[in-house]
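Written below as structure tokens is the structure these notes are about.
The values are calculated or read from the model by the stated rules, or taken from the named source; none is laboratory data. No experiment lies behind these values; they were computed from the predicted model shown. Cβ sites come from the backbone with ideal geometry, for glycine too, and all protein chains shown count toward neighbours. Accessible surface is based on the protein model in full, side chains and every heavy atom, while ligands, DNA and RNA are left aside. Shrake-Rupley method; radii C 1.70, N 1.55, O 1.52, S 1.80 Å.
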Amino acid sequence: MNLQDFSRYKAVARLTSLAGQPHDLAAADGLDPQRVAAYVCSSCGYDLLYATQRVNDAVLDALQELADEAGLVDAFLAMKTGVVINRIDGYASENRQVLHTACRDVFSGNPLEPELTAKSSQELAKLQRFLSDLDNGTIVNAQGQPFTTMVQVGIGGSDLGPRALYLALQRYCRQGRSARFIANVDPDDVAAVLRDLDLSRTLFNIVSKSGTTLETLTNEQLVKAQLLKAGLDPARHMIAVTGESSPMDDVSKYRASFYMYDSIGGRYSATSMVGLVTLGFVLGYEAVRDILAGAYRVDVAAEERDIRRNIPLLLALLGIWNHNFLGCATVAVLPYSQALCRFPAHLQQCDMESNGKSVTREGKNVSWATGPVVWGEPGTNGQHAFYQLIHQGTEIVPVEFIGFRESQHGVDLDVAGTSSQQKLVANMLAQSLALAVGKFDENPARRFSGNRPNSVLIADRLTPESMGALLAMYEHKIAFQGFCWNINSFDQEGVQLGKVLANRLLAIIAEGGNQSQPKETSLHREEAMLIQAGML
């Protein structure tokens with residue numbers, strides 16, 4: 001990889017000049033039929049409609065130059081082939097490969113990283129046997145009954161991605177199977193999840209790569225206590241997803257162990273055993289294969305160098321245009337599918353933990369904007385919440401709409417001549433159009449300025465395969481942007497300081513403290529905070 005400072009690319013100067021007069025969507029011919037037909041990128045079952053972005057052919061050509069000059073596809077290929085890119089040159093760093101795509105390369109006859117792909121295939125085979133044993137009655141509870149619920153206990157990437165995919169695909173759950181999730185170290189979260197469960201027919205999937213994650217291990221102990229209280233053996237009700245040879249890789253404590261690997265970061269791990277064990281339990285093994293197949297198709301399609309034919313690359317560059325050249329600080333991801341209710345939360349972690357960086361891959365302070373603030377909520381509920389701001393507020397918020405032409409369940413009814421799904425999609429397209437073209441009114445309170453950039457990503461139906469594709473599109477969008485900004489999108493040093501200080505505070509609490517006055521020690525400030533909060 002030969003990445004350089006973002007500001008040094010020749011295309012940046014051209015784009016800066018073009019940003020002075022971005023395409024006027026609100027003009028009389030700003031969104032004509034020819035433009036709408038031309039500005040569509042179709043790939044892997046999705047259509048990206050981007051005529052409602054403030055770009056024209058000159059901007060798209062300059063974005064293509066930027067992609068070529070920055071070598072974004074070459075960097076992506078280097079990542080897929082196992083080049084060590086999770087590093088900061090000259091400084092202590094994780095110094096790891098980034099190989100979440102290897103989980104999906106099981107569909108390739110010639111995998112780009114054969115070693116990890118072989119290990120992923122072994123874990124898939126292990127998962128298939130485990131699921132088969134559940135189905136044929138080899139694995140049952142002490143009373144000989146089948147397990148009906150799996151509770152995933154993990155935090156961050158061990159929760160957000162798997163939870164988002166489970167909720168997205170609940171329609172396809174096998175009869176009598178369900179999943180729940182425990183992430184927050186808040187004991188009320190654990191209590192609420194366990195309250196109405198039949199613990200005797202529940203498996204707990206404890207997910208921690210290191211086997212030492214504080215929140216996860218704390219919640220595991222709470223779960224164990226409840227199992228013991230119910231007269232159940234925790235070892236018969238717990239499985240582990242962890243690093244090979246971690247403290248959790250222990251057959252005496254867990255009914256089964258599945259492995260995750262250092263080269264697969266937590267926020268990119270939904271298509272590893274981190275997500276697939278629970279998804280396999282509720283959906284079945286074939287659906288797991290479909291998720292991986294959808295993601296694999298995008299992994300291959302993302303190697304296309306023409307930005308007009310590569311959805312993740314085009315999404316990345318449109319985002320850079322809006323963020324770095326049009327000065328938009330945030331991006332809203334608004335799925336018009338209730339099933340995707342937690343997908344924006346997953347993207348918040350995946351995007352902001354990846355690209356919320358302020359130093360380059362060489363350890364220098366950046367002089368350009370990096371990752372935007374990412375947020376979102378399903379439509380049409382959002383229309384009755386924050387759409388007022390995105391239509392008429394002073395802050396311009398680029399929007400990425402996600403929708404499907406058909407419903408998952410197929411349970412619908414025509415009311416006033418149209419079905420609910422048609423109403424849902426019509427609302428999404430109407431919002432896209434309204435943001436772009438606006439509306440003049442003599443009443444200034446009812447005036448819409450338009451020129452609010454947005455795009456629509458639409459497929460026929462949300463299925464395991466299309467969900468895998470959608471997940472991979474956003475993973476690669478994030479990686480392409482990080483490459484362009486010359487930052488390391490695969491570490492997360494920003495979350496470490498709070499963990500360190502929390503452990504110091506907990507050490508003081510565990511030892512006990514003087515409630516009247518803090519001791520004169522190096523922990524003076526921490527103790528003072530605890531006393532002020534009434535915890536000592």
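Go through Ala102, Gln145, Tyr91 and say which Cα lies farthest out towards the positive end of the charge dipole of segment 75-174; charges sit on Cβ, +1 for Lys and Arg, -1 for Asp and Glu.
Gln145
Counting only helical runs of four or more DSSP H residues, what would the 222 nm mean residue ellipticity of the chain come to if each run contributes -39,500 (n - 2.57) and the total is spread over all its residues?
The helix contribution divided over the chain gives -12500 deg cm²/dmol.
Measure off, as a whole percent, the carbon and sulfur share of the 1.4 Å-probe accessible area of the chain, all protein chains present.
The nonpolar share, carbon plus sulfur, comes to 50 percent.
Mind checking the dipole of the chain: about its Cα centre, +1 per Lys or Arg Cβ, -1 per Asp or Glu Cβ, Debye to the nearest 20?
540
Rounded, prolate or oblate: which fits segment 116-249 when a ≥ b ≥ c are the square roots of the eigenvalues of the alpha-carbon gyration tensor, with rounded for a/c under 1.5 and prolate only if a/b beats b/c?
Cα axes put segment 116-249 in the rounded bin.
So for each of 318-329, 356-367 I average, over its residues, the number of other beta carbons within 10 Å; can you give me the resulting order with the highest mean first?
Top of the packing list down: 318-329, 356-367.
More than 19 Å apart: what percent of Cα pairs in segment 279-349 qualify?
58
How would you classify the chain from its alpha-carbon gyration tensor, with a ≥ b ≥ c the square roots of the eigenvalues: rounded for a/c under 1.5, else prolate if a/b is greater than b/c, otherwise oblate?
Because a/c hits 1.5 or more and a/b exceeds b/c, the chain counts as prolate.
Hey, what angle do you get for helix 57-70 against the long axis of the chain, alpha-carbon based, 0 to 90 degrees rounded to 10?
It works out to around 40 degrees.
Just list whichever of Lys10/Lys357; Lys209/Lys477; Lys126/Lys499; Lys119/Lys477; Lys209/Lys229; Lys80/Lys423 have alpha carbons separated by over 31 Å in the model shown.
Lys126/Lys499; Lys80/Lys423
Which angle from 0 to 90°, rounded to the nearest 10, does the C-alpha axis of helix 464-485 make with the longest principal axis of the chain?
With rounding to tens, the tilt is 70 degrees.
Residues with amide H under 5 Å of Ile402's amide H, sequence separation 5 or more or different chain, H placed in the peptide plane at 1.01 Å from N; which?
Those qualifying (amide H under 5 Å, at least 5 residues apart or on another chain) are Leu334, Tyr336, Leu457.
Place +1 on the Cβ of every Lys and Arg and -1 on the Cβ of every Asp and Glu in the chain, take the dipole about the Cα centre, and give the residue among Cys350, Leu127, Pro114 whose Cα lies farthest towards its positive end.
Of the options given, the answer is Leu127.
Could you sort the peptides 154-165, 283-294, 209-220 by per-residue average Cβ neighbour count (10 Å cutoff), highest mean leading?
Listed from highest to lowest mean packing, they are 154-165, 283-294, 209-220.
For the chain, with the dipole built from +1 on Lys and Arg beta-carbon atoms and -1 on Asp and Glu ones, taken about the Cα centre, which of Ile239, Ser272, Gln492 lies farthest toward the positive end?
The residue sitting most towards the positive pole is Ile239.
Provide the net charge surrounding Phe130, with neighbours chosen by a C-beta distance below 13 Å and charges set as Lys +1, Arg +1, Asp -1, Glu -1.
0
Using Cα atoms only, what is the angle between the long axis of helix 311-320 and the major principal axis of the chain, expressed in degrees (0 to 90) to the nearest 10?
So the inclination is approximately 70 degrees.
Using Cα positions and a limit of under 12 Å, work out the aspartates and glutamates in reach of Lys253, with same-chain residues fewer than 8 apart set aside.
By straight Cα distance, Lys253 reaches Glu220, Asp233.
Would you please classify the overall shape of segment 336-483 from the alpha carbon gyration tensor, given that a ≥ b ≥ c denote the square roots of the eigenvalues, rounded means a/c under 1.5, and beyond that prolate means a/b larger than b/c while oblate covers the rest?
oblate
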